[in-house]
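The values are calculated or read from the model by the stated rules, or taken from the named source; none is laboratory data. Since we're looking at a predicted model, the values are computed, not measured. Methodologically, a virtual Cβ is constructed for each residue, glycine included, from the backbone with ideal geometry; neighbour enumeration extends over all protein chains shown. Each accessible area value is taken on the protein alone, full model and side chains, heavy atoms only, with ligands, DNA and RNA left out. Shrake-Rupley method; radii C 1.70, N 1.55, O 1.52, S 1.80 Å.
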Amino acid sequence: RVKIVLEWADFVPALNSKCLALIPWCEREVCEEQIKKRSTRDVMADEPENEREPSMGAKSLCLPYKQPENPPIVPGQTKCIQCGEDAKRYALFGRSY
């Protein structure tokens, strides 16, 4: 299952529901590291801990050749959900199980 996620607040819940998240991303390595760090269970203090959910952070899986068209990436307008910089394209993120 793949969900298009346009805001950080929806990112971790999508991962917790065992979905892959297709997000607008700036493609910067430092941003990917922050996504991984922010999506680990020990950082998510406001979420109830569930031993069945994976504790590791999300990682980029691929940049799909066929990019979503609804909504499209609009240069200068669409922002990366993690850092707020201009997004270059959608990237697929997920956790290893």
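Checking the structure you have, find out if any residue of region 49-67 is loosely packed, with under 13 Cβ neighbours inside 10 Å, out of contact with any strand residue (DSSP E or B) (no Cβ under 7 Å at 6 or more places or on another chain), at pLDDT 95 or above and outside any loop (DSSP other than H, G, I, E, B). No. Number of residues in region 14-28 that are open to solvent by 30 Å² or more (accessible area, probe 1.4 Å) and modelled with pLDDT of 95 or more equals 3.
Contact map, region 20-42: first residue without any contact (Cβ under 8 Å) to a residue 60 or more places away in the chain, second residue in a helix (DSSP H, G or I), Cβ cut-off under 6 Å, separation 6 or more or different chains; pairs are Ser39/Val12.
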